[in-house]
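Colleague: Okay, handing you the structure first.
The values are calculated or read from the model by the stated rules, or taken from the named source; none is laboratory data. A quick note: this is a predicted structure, and the numbers were derived from the prediction, not measured. We place every Cβ from the backbone using ideal geometry, glycine too, and count neighbours over all the protein chains shown. For the accessible areas, the whole protein counts, side chains as well, though only heavy atoms, and no ligand, DNA or RNA atoms are used. Shrake-Rupley method; radii C 1.70, N 1.55, O 1.52, S 1.80 Å.
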Amino acid sequence: MTSEDEGEEFRLQANSELRFEVESKASVEIEMVDGQAEMFGTELAKNKKYQYLSGAKVAVFTWHGCTIKVKGKTEVAYISKETPMVTYVNTHAAMEQMRERADAENTRGPRMLVVGPQDVGKSSFCRILVNYAVRLGRSPVLADIDVGQGSLGLPGTIGAMVVERTADVEEGFQQTAPLIFHYGHNNPNDNLQLYNMLVSRMAEIISVRCEQSKKVNSSGVIINTAGWIRGAGYESLKQAAGAFEVDVICVLDQERLYNQLKGDLPDFVKIVLLPKSGGVVERSKAARAEARDGRIREYFYGLKNNFFPHSFDVKFNDVKMFKVGAPSLPESCLPLGTKAQDSQTKLVPTLPTNSLLHHVLSVSAATAVDQDIVETNVLGFLVVTNVDMDKSTFTVLSPSPRPLPRNILLVTDIQYMDIK
Ligand SMILES: Nc1ncnc2c1ncn2[C@@H]1O[C@H](COP(=O)(O)OP(=O)(O)OP(=O)(O)O)[C@@H](O)[C@H]1O
């Protein structure tokens with residue numbers, strides 16, 4: 001543990017990593033006072049102070065050696081010489097070769113799916129690869145189909161964006177106009193048919209985006225997935241690999257999954273098994289729920305409380321509210337010609353009631369109800385903080401002032417209590 005006032009200096013040799021966790025309700029400041037270092041692929045600036053808040057788990061890696069000053073309460077802070085960074089940079093180099101070939105032949109760059117169990121560092125690995133690509137002047141697409149965390153939108157969504165700048169050392173990738181789809185649950189299994197449909201839709205839109213820009217096309221796509229790898233989870237990974245027409249699948253830390261994919265996927269898909277970093281911290285169910293809450297809070301308030309959300313009333317009559325997916329009925333009760341599956345992706349009009357309280361709502365980009373709302377992207381999110389049935393209004397927390405940008409709202413299962 002470090003003393004808060006003086007701080008502690010860590011001298012790192014080449015190819016080593018400083019790992020630390022910030023104590024609950026504390027913050028930690030780091031400064032690179034000498035040498036060169038990077039955090040998940042983003043270079044640290046010398047003598048710049050970076051701040052990390054409660055619960056953050058961080059790794060500062062150096063290829064050439066550095067000195068890092070750490071101030072504040074860390075739960076653990078240690079230097080490790082055992083890291084998989086050489087393997088990761090080799091993966092990046094192989095992708096870069098594929099990009100060069102794509103440039104020369106005017107074809108598509110590499111499309112990589114990153115898979116593995118929970119807590120093996122999939123998101124961190126994707127961030128490293130995307131950062132390394134951007135540092136070479138590339139503009140790759142980062143897609144996240146993990147509805148449990150929703151790192152590009154909110155939990156309950158899948159998202160993608162073209163990355164033009166390396167991730168901010170403290171706050172991650174800057175999100176300018178990400179493409180976000182509403183799914184509504186934090187587990188793909190809750191509505192697998194809808195989940196697979198949205199993944200395919202996103203892959204289609206990314207392909208169109210790639211066709212519009214030679215640079216994005218040759219830079220390729222990196223897709224982060226959920227740690228759900230058995231049964232239906234495994235099937236949905238294969239489905240995603242097909243939808244994105246991936247060339248490479250990186251399996252982090254699971255030989256069984258690696259062998260299974262090798263047996264099941266066509267030969268032109270290269271499957272690579274990579275080690276996980278010993279620094280990746282396992283998260284309990286409670287910690288995951290907390291991370292989900294933290295992500296929603298960050299959307300409205302910013303990581304450092306630097307956003308100021310608005311609160312206002314919305315009349316029931318001014319919006320059209322829907323849920324995606326109806327409870328399935330036995331086939332014998334369905335009209336002739338309909339399949340039970342169809343109900344899973346059906347848009348169901350919903351009347352506002354008290355049960356909306358604390359639910360996250362997605363604001364659809366659709367402008368009319370006759371559009372394909374289920375497969376239309378969303379513009380942003382609201383949280384219902386009060387429902388007044390007498391006045392037929394509900395109060396929302398919104399990132400922007402009234403009026404709402406659109407009036408078609410989609411209800412999610414995800415709840416957030418706005419306690420300041
Ligand atoms: N080398 C490392 N040293 C210390 N902490 C790390 C390291 N790599 C990753 N972490 C931390 O470990 C946590 C889990 O990592 P990450 O989110 O990348 O895993 P994941 O496999 O994507 O998780 P999930 O199962 O939720 O998809 C994160 O808080 C991340 O910051």
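Colleague: Can you work out ³J(HN,Hα) from phi for every residue in the stretch 343-351, in order, using Karplus 6.51 cos²θ - 1.76 cosθ + 1.60 and θ = phi - 60°, giving whole Hz and x for Gly and Pro?
Modeller: Here the 3J(HN,Hα) series is 5, 5, 10, 7, 8, 10, x, 10, 8 Hz.
Colleague: Spelling out what I want: for every residue of the stretch 385-394, take phi, set θ = phi - 60°, compute 6.51 cos²θ - 1.76 cosθ + 1.60 (Karplus), and round to whole Hz; glycine and proline get x.
Modeller: 9, 6, 10, 10, 5, 5, 8, 6, 9, 9
Colleague: For the chain, take the alpha-carbon Rg, divide it by the Kirkwood Rh, and send me Rg/Rh.
Modeller: Expressed as Rg/Rh, it is 0.98.
Colleague: Do any of 69/285; 323/391; 25/320; 238/320; 214/320 go past 29 Å between their Cα atoms, and which? Intermediate values should be presented prior to the final figure.
Modeller: Working: 69/285 33 Å; 323/391 23 Å; 25/320 40 Å; 238/320 36 Å; 214/320 39 Å.
With Cα atoms farther than 29 Å apart: 69/285; 25/320; 238/320; 214/320.
Colleague: Something else now. Counting other Cβ atoms within 10 Å, keep those with at most 12, restrict to DSSP loop, and tell me which GluC sites (Glu not before Pro) in the stretch 8-37 are left.
Modeller: Values: sites: 8, 9, 17, 21, 23, 29, 31; in loops: 23.
The qualifying sites: there are none.
Colleague: In degrees from 0 to 90, rounded to the nearest 10, what is the angle of the helix 255-264 Cα long axis to the longest principal axis of the chain?
Modeller: 60
Colleague: While we're here: About the Cα centre, and with charges only on the beta carbon of Lys, Arg (+1) and Asp, Glu (-1), how big is the dipole of the stretch 51-162? Nearest 20 debye, please. Don't jump to the answer; show the numbers that get you there.
Modeller: Details: 13 positive and 9 negative charges, 67 e Å.
It works out to roughly 320 debye.
Colleague: Right, another one. Per residue, how large is the accessible surface of the stretch 63-112? Use a 1.4 angstrom probe and give square angstrom. Intermediate values should be presented prior to the final figure.
Modeller: Details: 2560 Å² over 50 residues.
Per-residue accessible area for the stretch 63-112 comes out at 51 Å².
Colleague: Now, a different point. Using a Gaussian network model on the chain with a 10 Å cutoff between Cα atoms, which of 153, 263, 279 fluctuates the most?
Modeller: 263
Colleague: Tell me the label-point distance for the pair residue 174, residue 238, using the 7 Å Cα-to-Cβ offset, in nm and rounded to one decimal.
Modeller: Distance between label points: 4.2 nm.
Colleague: DSSP loop chymotrypsin sites (Phe, Trp or Tyr not before Pro) in the stretch 192-277 with at most 14 other Cβ atoms within 10 Å of their Cβ, which ones? Provide the component values of the computation, followed by the final result.
Modeller: Details: sites: 195, 228, 234, 244, 258, 268; in loops: 228, 244, 268.
Sparse-neighbourhood loop chymotrypsin sites (Phe, Trp or Tyr not before Pro): 268.
Colleague: I need the calculated FRET efficiency for the pair residue 285 and residue 11, taking r as the beta carbon distance and R₀ as 35 Å, to the nearest 0.05.
Modeller: Given R0 = 35 Å and the Cβ-Cβ separation, E is 0.40.
Colleague: Right, here's the next one. When the helices in the chain are scored as -39500 (n - 2.57) per DSSP H run of 4 or longer and the sum is shared across all residues, what 222 nm value do you end up with, to the nearest 500 deg cm²/dmol?
Modeller: Details: 7 runs with 101 residues, N = 420.
Here the helix-only value at 222 nm equals -8000 deg cm²/dmol.
Colleague: Where the centroid of each part is defined by its Cα atoms, how far is the stretch 392-416 from the stretch 111-174 in Å?
Modeller: Between the Cα centres of the stretch 392-416 and the stretch 111-174 lies a distance of 27 Å.
Colleague: Only Cα pairs within less than 10 Å get springs; with that Gaussian network setup on the chain, which residue of 389, 112, 95 has the largest fluctuation?
Modeller: Of 389, 112, 95, the Gaussian network model singles out 389 as fluctuating most.
Colleague: Could I ask something else about it? With every protein chain kept in the model, how would you rank 323, 122, 270, 238 by accessible area, 1.4 Å probe, largest at the top? Please list the in-between numbers first.
Modeller: Numbers: 323 80, 122 15, 270 130, 238 55 Å².
These residues rank, largest area first, as 270, 323, 238, 122.
Colleague: Quick one: putting +1 on the C-beta of Lys and Arg, -1 on the C-beta of Asp and Glu, what dipole do you get for the chain around its Cα centre, in Debye to the nearest 20? Don't skip to the answer; put the middle values down first.
Modeller: Numbers: 46 positive and 51 negative charges, 69 e Å.
Dipole size: approximately 340 debye.
Colleague: Using alpha carbons only, how many angstrom separate the centre of the stretch 251-285 from the centre of the stretch 68-110?
Modeller: The stretch 251-285 and the stretch 68-110 have Cα centres spaced 17 Å from each other.
Colleague: With springs connecting C-alpha atoms under 10 Å apart, model the chain as a Gaussian network and identify which of 25, 276, 262 has the largest mean-square fluctuation.
Modeller: 25
Colleague: Ignoring ligands, DNA and RNA, please state the percent of accessible area on the stretch 362-410 from carbon and sulfur, probe 1.4 Å.
Modeller: Roughly 47 percent of what the probe reaches on the stretch 362-410 is carbon or sulfur.
Colleague: Now for a different question. Considering only the chain, what is the antiparallel percent among its DSSP beta bridges, to the nearest 5?
Modeller: On the way: 64 of 85 bridges.
Restricted to the chain, the bridges split so that about 75 percent are antiparallel.
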